[in-house]
Amino acid sequence: MRPWLVALGGVSLCSLFSAPAHAYCLTHTCDPMHDNCEMVDGCNVSGKVLFWPSSCVSYDVQKDGSQKLGISYDTISMVAVNAFSQWLNADCGGGTHPSIRLADLGPVACSLPEYNKSQPNANIITFRDNDWPYANAVDTLALTTVWFNSDSGEIFDANMEINSFMYDFAVGEQGTKLDLASVVTHEAGHFLGLSHSSSFTATMYRSYNSQMSTIEMDDVLAICESLPPTRVPDSDDCTPRHGFSGACSTTQTGCCSTAVGAAATRGQPLALVALGLGLSAWRVRRRTGRSKSLDRV
Amino acid sequence: MDRRQTLGLLGALAATLTLEARTSRASTALAVSLKDLVSRSSRIAHATPLEGFSRFENIGDRRHIVTYSRLQVHELLRGPSGETEMLVRTLGGRVDNLGEIVHGEAVLALNEACVVFIHTTSEGIDQVTAMAQGHYPLTSDTDGTRRLTMSRAIPHLMGDPSGAATRLSGLKFEEARTLIRAVRP
């Protein structure tokens with residue numbers, strides 16, 4: 001048996017006494033709205049596990065940092081390096097580590113989270129100083145979006161947005177401000193393919209606290225299973241999919257022409273197409289109804 | 001107070017103490033309170049997603065995959081009566097073989113009954129309020145008792161012990177309904 005597996009087994013036994021076994025969740029491709037996904041202990045375990053195919057993944061910090069919060073590019077870069085280092089240095093046993101390394105390609109101009117299906121890309125970390133466009137997510141401190149091949153689980157792109165528009169972050173300060181390092185370390189876990197954990201002590205636990213800038217045993221188990229040291233990566237290339245570009249694309253190609261209903265998979269494709277075609281009518285009807293209500297008021 | 005309530009109280013106390021111990025350096029409540037969740041929602045429904053489709057849409061200034069789910073409404077816990085269906089948009093989904101996951105967003109599941117808090121945007125689109133904090137799948141005990149559970153996609157919360165997610169998960173459906181209806185926004 002491989003040494004790191006033995007070590008992981010030992011670690012797992014120890015963790016039985018402090019946290020639920022396998023409290024962590026890896027991210028899987030199964031989409032519960034389209035497929036019948038099996039849930040085990042709160043984790044979606046159907047489909048393929050999301051993974052970065054290469055042994056090297058690049059990321060890029062947006063060049064402006066947060067002018068609003070006075071956090072420079074150098075500062076957020078340092079925070080990102082420390083956050084990713086936590087994950088990359090996880091001890092998988094026998095002196096081995098997760099089978100991935102990160103490459104910082106330097107400051108980028110683009111501050112928008114985008115994935116281009118046939119143009120160069122960048123995996124960005126950016127502050128949102130001027131707006132937070134997710135209307136139903138005003139409580140969100142940061143958001144990591146991961147694009148992937150739903151057949152294979154291969155991750156294509158990941159972007160991390162930090163909500164500096166609504167929240168005040170600081171680095172290394174004690175007080176009322178949010179600890180940027182803790183938030184970025186948690187989001188880095190998502191960036192690398194992890195979901196949330198049900199372990200109270202894990203950095204990937206759903207509740208924030210300011211001690212999440214260092215990863216815990218459950219996190220180590222998660223990253224070592226997700227990116228095992230024995231994995232044979234497809235390559236050692238750090239280049240983002242379709243090449244690297246630090247500028248936002250003027251036209252996001254290939255991603256915007258999918259017809260309504262095209263995502264229909266199993267079940268009732270015709271019904272879904274009809275549902276898609278009926279969307280406009282639904283909206284018109286709802287708007288009409290709302291207008292009438294307003295008129296009555 | 002019966003044994004179950006006593007155990008529940010002790011469990012909640014232990015969880016609170018554990019969290020408090022770990023939030024001693026800095027803690028700012030961010031978990032949505034039940035009152036906030038209710039007041040920000042135009043409708044709260046006991047519903048079941050029947051079908052859905054995903055497509056690209058502009059969210060902010062970029063293209064994202066979104067999923068529209070058609071929900072059959074069994075009961076409106078709050079909001080105008082008479083509505084039997086809703087069309088709810090969530091971030092993320094799958095178009096052809098391209099998937100997008102937005103960590104923390106509600107993940108509605110086909111044929112899985114839930115209690116869902118709905119917020120209508122200025123464009124007239126219904127979304128789950130506060131992402132996964134506004135979505136509570138229902139599970140059944142062996143005796144058929146239905147309970148609210150925390151969403152599988154519950155986001156990175158702060159101030160968890162006082163939040164709606166903690167207060168609602170584990171409650172019997174009838175208890176949750178009473179609690180939600182008692183909230184004065």
Checklist entry - Under a point spin-label approximation (7 Å from Cα along Cα-to-Cβ), what is the A:Asn130-B:Arg181 distance to one decimal in nm? => result 4.8
Checklist entry - Pairs A:Lys177/B:Lys35; A:Lys63/A:Lys177; A:Lys63/B:Lys35; A:Lys68/B:Lys35: which exceed 28 Å Cα-Cα? => result A:Lys63/B:Lys35; A:Lys68/B:Lys35
Item to check | Averaged over A:146-152, number of beta-carbon atoms from partner chains that fall within 10 Å | outcome: 5
Checklist entry - For the pair B:Ser33 and A:Asn36, what calculated FRET efficiency results from E = 1/(1 + (r/R0)^6), where r is the Cβ-Cβ distance and R0 = 30 Å, to the nearest 0.05? => result 0.30
Checklist entry - Can you work out the FRET efficiency for the pair A:Lys68 and A:Thr239, with r the C-beta to C-beta distance and R0 = 22 Å, to the nearest 0.05? => result 0.10
Item to check | Pairwise FRET efficiency - A:Ser46 versus B:Ser162, Cβ, R0 = 41 Å, nearest 0.05 | outcome: 0.75
Item to check | In nm, spacing of pseudo-spin labels at A:Asp104 and A:Ser85 (7 Å Cα→C-beta vector) | outcome: 1.0
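Every read-out reported here was derived from the displayed coordinates using simple, explicitly stated rules and does not represent laboratory data. This structure is a prediction, so every number in the text was calculated from the model and none was measured. Cβ coordinates were reconstructed from backbone atoms using ideal geometry, including for glycine residues, and neighbour counts include every protein chain displayed.
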